[in-house]
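First the structure, in the form of C-alpha cells, and then the observations on it.
What follows is calculated from the coordinates using simple rules that are stated; it is not laboratory data. Please read all numbers here as calculations on a predicted model, not as lab measurements. So basically every Cβ, Gly included, is an ideal-geometry build from the backbone, and we count neighbours across all protein chains shown.
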Amino acid sequence: MTYQDITAATDQLIRRHNGTWDGISAEAVARMQMQNRFRTGLDIARYTAAIVRRDMASYDADSAAYTQSLGCWHGFIGQQKIISIKKHFGTTKGRYLYLSGWMVAALRSEFGPLPDQSMHEKTSVPALIEELYTFLKQADARELNLLFRDLDKARETGNEIEAQRLIQAIDNHETHVVPTIADIDAGFGNAEATYLLAKKMIEAGACALQIENQVSDEKQCGHQDGKVTVPHEDFLQKVRACRYAFLEMGVEDGIIVTRTDSLGAGLTKQIAVSREPGDLGDQYNSYLDCEEIDPATARNGDVILNRDGKLMRPRRLPSNLFQFREGTGADRCVMDCIASLQNGADLLWIETEKPHIEQIASMVDRIREVVPNAKLVYNNSPSFNWTLNFRQQVFDAWAAEGRDVSAYDRARLMSVDYDETELGQEADERIRTFQKDASARAGIFHHLITLPTYHTAALSTDNLAREYFGEAGMLGYVAGVQRKEIREGIATVKHQNMSGSDIGDEHKEYFAGEAALKAGGAHNTMNQFAA
C-alpha cells in the first residue's frame with residue numbers, strides 16, 4: 001500500500017469509532033507504519049532470502065553480478081555500512097552484511113575476549129542478528145522521518161510539486177534491511193543443538209546460515225592450525241537440521257552455506273561409517289594415513305580398515321585423533337563440496353590459506369564437472385597478508401616468464417621500499433580486481449571480509465588516541481574526526497538525530513499535540529550542524 005492508501009484506510013478506521021479515536025492522526029499512523037515495515041524477524045528472513053535467490057540467478061547469468069558484504073559485531077556498525085552504501089552508490093543492491101562468529105567470540109562474549117573456538121554463548125549470535133536489524137530498521141525510520149519533515153515544509157510553503165515528489169520518494173523508499181549471512185560455526189553441538197540455534201537465528205532475521213564441517217568441541221578458527229573435520233554423514237545431519245529449521249519457520253527460500261575446512265585440516269576425530277565400497281564413508285576413509293599390518297600384531301583398541309584386501313591401521317595420535325595423508329586437502333575439499341551440494345546446500349565456502357585465484361579455481365572446476373552451477377562464498381580474510389601474498393604472486397609469475405626480478409628480494413617484498421615499484425603497483429592492481437577476476441574465473445558469487453571493523457575500530461582509535469593525548473589535544477578530535485564528518489557528509493555528526501531524538505519528537509507531537517516538550521528546538525546544539 002502507498003503512503004496515501006494507508007492514510008485513507010486509517011482515516012476510515014478512525015471514523016468508524018464514532019469520535020473516540022479523533023485524537024489519532026491518520027497520516028501519523030501511516031508514517032509510523034511505513035517506518036516499521038518489518039514487524040518480525042521472520043518477515044526479514046523471508047524478504048531477504050528472496051533477494052539472495054534473485055542475486056544467485058543473476059550471477060548464474062552473468063558472473064559480473066557478484067555480491068559483497070562486510071562483517072559486523074554491533075548493530076551500529078552494520079547500520080553505518082548500509083547507510084554509507086546508500087549514500088555513495090544510491091542502492092544496496094548486491095550488498096549484504098556478514099555476522100562473524102570470530103567477532104562475536106572476540107567482542108560480544110560475557111566471558112570477555114575469546115578465541116574463535118565456539119566457547120562463547122551461542123545465544124549471543126541470534127541476539128546480534130536481532131540487534132543488526134533493529135539498527136537497520138531505525139535507519140529506515142530516520143531516513144523516512146527526514147522525508148516526512150520535508151513533506152510538511154513543502155505543504156507549509158504551498159509547493160505542491162515538491163510535495164508530490166516527496167510522496168513518490170516515500171512510496172519508493174529503499175529499505176536499509178539487507179540479507180545477513182550468519183555464522184553458526186560448527187553448530188554448537190549435535191544436530192539437535194544446531195536445529196534449535198538455527199531456529200533462533202532465523203527468528204531473529206537470518207536468511208542465510210553458514211555452517212562448517214569441523215568437530216564442534218574441537219572447533220578452531222579457519223586460519224589456525226589444529227582443525228578437525230567430521231565424516232560427511234555427521235555434517236549432513238546438521239545441514240538437514242538447518243533446512244528443517246528454515247522450513248519449520250516458513251522460510252522456504254532459506255540459504256545454507258556449507259563451509260569446508262579440509263584444505264587446512266589434517267585431522268579427524270572419527271572413522272566414517274561405510275556400508276559399501278565407494279560410498280561417502282569409504283571415500284572419507286580413503287584419505288586416512290594408514291599402515292599395513294599383520295593381523296597378529298593388532299593391538300587392543302586398534303581400528304582396522306580393509307583396503308583392497310589389505311588390513312590397514314589408521315595412524316592415531318596421542319590426542320586420540322586420526323590424521324589424513326599429506327597433500328589430500330584439495331581432494332577432500334572437492335569431495336566435501338560435491339557431497340554438500342547433492343544434499344541440500346545452496347552455496348559453498350572453501351577456507352583457504354591464501355587468496356590465490358587459480359588455487360580456488362582448480363577446485364571449483366572439478367566441483368562444476370559434477371554440479372555445473374556450483375557457487376562459492378569466499379572469505380577475503382584479514383588473516384591473509386594481502387600485500388605480501390600478491391607481491392609474491394607477481395614475483396613468481398614474472399620469474400616464470402623469464403623477466404628480470406633481480407631488483408626484488410622475495411623474502412622482504414612487504415617492505416615500503418617496493419610500494420612505488422612496477423611490481424608493487426602490479427600487485428595492487430591484482431588486489432583491486434581480485435573480486436571481479438575471482439568471480440569470473442573461480443565461481444565466487446559472494447565476497448566478504450570477516451573482520452573489517454575489528455581492524456578499522458582499532459586503527460581509528462589508535463590515531464585519535466595518539467593525537468588527542470599528544471600535542472594536538474582537542475584539535476586531534478576536531479581535525480581528525482568532526483571536521484571530516486561535516487565535510488564528508490557523515491550523518492553521525494548529528495549524533496542526536498542518529499540516536500532517534502527527532503523521531504521521538506515526532507511521537508511526542510502525535511501523542512501530546514501542542515503540549516509536546518520537544519528536544520529539537522532552537523537551543524538544541526545540533527542546529528550548529530545545519531549547514
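General remarks:
- Rule-of-thumb Rg ratio for the range 284-429 [Cα; 2.2 N^0.38 Å; N residues]: 1.48
- Translational diffusion coefficient (Stokes-Einstein; Kirkwood radius from C-alpha pairs) of the range 245-290 at 20 °C, 1.002 mPa s, in µm²/s: 159
- For the chain, the relative contact order comes to 14 percent (Cα pairs under 8 Å, sequence separation of at least 6).
- Pairwise FRET efficiency - ASP294 versus GLU401, Cβ, R0 = 60 Å, nearest 0.05: 0.65
- Computed packing ranks the peptides 258-267, 245-254, 271-280 as 258-267, 245-254, 271-280, most packed first, by mean other Cβ atoms within 10 Å.
- Among the GluC sites (Glu not before Pro) in the range 461-527, those placed in a DSSP loop whose Cβ has at most 10 other Cβ atoms within 10 Å are GLU471, GLU488.
- Pairwise FRET efficiency - ASN172 versus ASP437, Cβ, R0 = 35 Å, nearest 0.05: 0.50
- Two-site label geometry, ASP308 and GLN425: point separation in nm, points 7 Å out along Cα→Cβ: 5.5
- Whole-Å semi-axes of the chain's equivalent ellipsoid (Cα gyration tensor): 50, 30, 21
- Selection of GluC sites (Glu not before Pro), the range 374-427, meeting DSSP coil and at most 14 other Cβ within 10 Å: GLU420
- Label-point separation in nm, ALA65 to THR2, each point 7 Å along Cα→Cβ: 2.9
- Modelled FRET efficiency - R0 51 Å, PHE529 with LEU317, Cβ distances, 0.05 increments: 0.25
- The range 79-185: GluC sites (Glu not before Pro) in DSSP loop, at most 15 other beta carbons within 10 Å: GLU110, GLU121, GLU174
- Projecting label points 7 angstrom from Cα along Cα→Cβ for GLU162 and VAL370 puts them 6.3 nm apart.
- Counting DSSP beta bridges with both ends in the chain, the antiparallel % (nearest 5): 25
- Phi to ³J(HN,Hα) by Karplus 6.51 cos²θ - 1.76 cosθ + 1.60 over the range 73-90, Hz, x for Gly, Pro: 10, 7, x, 5, 4, x, 4, 5, 4, 6, 4, 5, 4, 5, 5, 8, 10, x
- For the range 133-150, backbone phi angles converted through the Karplus equation (6.51, -1.76, 1.60; θ = phi - 60°) give residue-by-residue couplings of 6, 4, 5, 5, 5, 5, 5, 4, 4, 5, 5, 5, 4, 5, 5, 5, 5, 5 Hz, Gly and Pro being listed as x.
- Residue ranges 353-359, 69-75 sort as 69-75, 353-359 when ordered by packing (mean number of other C-beta atoms within 10 Å per residue, highest first).
- Sequentially through the range 54-68, phi angles give Karplus couplings (6.51, -1.76, 1.60; θ = phi - 60°) of 5, 5, 5, 5, 5, 5, 4, 7, 7, 5, 6, 8, 6, 10, 9 Hz, Gly and Pro residues having no value and appearing as x.
- Taking 0.36 nm per residue of separation and subtracting the current Cα-Cα distance, fully stretching the chain between LYS93 and ASN190 would add 31.3 nm.
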